[in-house]
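Undergrad: A single structure is presented below for examination.
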Amino acid sequence: MTAESLEVRRKRLKFRAWHRGMRESDLLLGNFADTHAGSFTNEQLDRFEALLEMADADVYNWYAGREPVPPEYDHDVMALLRAFRITDKSQN
């Protein structure tokens, strides 16, 4: 994959992360994508894209620890997401 096509893919995934349909998911996944997608490898982008295919409620419940993460989604990208916290940058 060329550097340009990788960047296009990152931008597309960021857009998808910000436009989920449930505002809480938009904020969580959009901010997460803005923070991490720029440094993701192609394989990590595959795993992130698979998470974006899941229902908002499932991903949010995994993030919040309300439900266990299924083995097929228990990977490095999910670990980054579960550790991710949105901070209010206006307070700095």
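Each value in this text was obtained by applying a stated rule to the coordinates, not by laboratory testing. What you see is a predicted model, and the numbers here were worked out from it, not measured in a lab. Here Cβ is always computed from backbone atoms with ideal geometry, including for glycine, and neighbour counts include all displayed protein chains.
Undergrad: Taking only C-alpha pairs under 8 Å that are 6+ residues apart, what is the relative contact order of the chain in percent?
TA: 24 percent
Undergrad: Sticking with this structure for a sec: Each residue of region 31-41 in turn: what ³J(HN,Hα) in whole Hz from Karplus with 6.51, -1.76, 1.60 and θ = phi - 60°, glycine and Pro shown as x?
TA: Karplus-based 3J(HN,Hα) across region 31-41 equals 5, 4, 4, 4, 7, 10, 4, x, 10, 5, 6 Hz.
Undergrad: Just going by the charge dipole of the chain, with Lys and Arg at +1 and Asp and Glu at -1 on Cβ, which of W18, T41, L51 is farthest out on the positive end?
TA: W18
Undergrad: For the chain, just say rounded, prolate or oblate: build the C-alpha gyration tensor, square-root its eigenvalues into a ≥ b ≥ c, call rounded for a/c under 1.5, and beyond that prolate if a/b exceeds b/c, oblate if not. Kindly include the intermediate steps, with their values, before the conclusion.
TA: On the way: a/c = 1.63, a/b = 1.17, b/c = 1.39.
Taking the square roots of the gyration eigenvalues as a ≥ b ≥ c, the chain is oblate.
Undergrad: Something else about it: Grab the Cα-Cα distance for R16 and H36, subtract it from 0.36 nm times how many residues apart they are, and report the gain in nm with one decimal.
TA: Numbers: separation 20, 0.36 × 20 = 7.20 nm, distance 1.43 nm.
Result for the pair: 5.8 nm of gain on full extension.
Undergrad: Give me a comma-separated list of calculated 3J(HN,Hα) values for region 61-67, in order, Karplus coefficients 6.51, -1.76, 1.60 applied at θ = phi - 60°, integers in Hz, x for any Gly or Pro.
TA: For region 61-67, the Karplus curve yields 5, 5, 4, 7, x, 6, 9 Hz.
Undergrad: Right, here's the next one. With charges set only on the Cβ (+1 for Lys and Arg, -1 for Asp and Glu), what does the dipole of the chain come to about its Cα centre, in debye to the nearest 20? Numbers along the way, then the final one.
TA: On the way: 13 positive and 16 negative charges, 75 e Å.
The dipole of the chain has a size of about 360 debye.
Undergrad: With n ≥ 4 as the cut-off for DSSP H runs, can you work out [θ] at 222 nm for the chain, using -39500 (n - 2.57) per run divided by the number of residues, rounded to the nearest 500? Show your work: numbers first, answer last.
TA: Working: 5 runs with 59 residues, N = 92.
Calculated at 222 nm, the ellipticity per residue is -20000 deg cm²/dmol.
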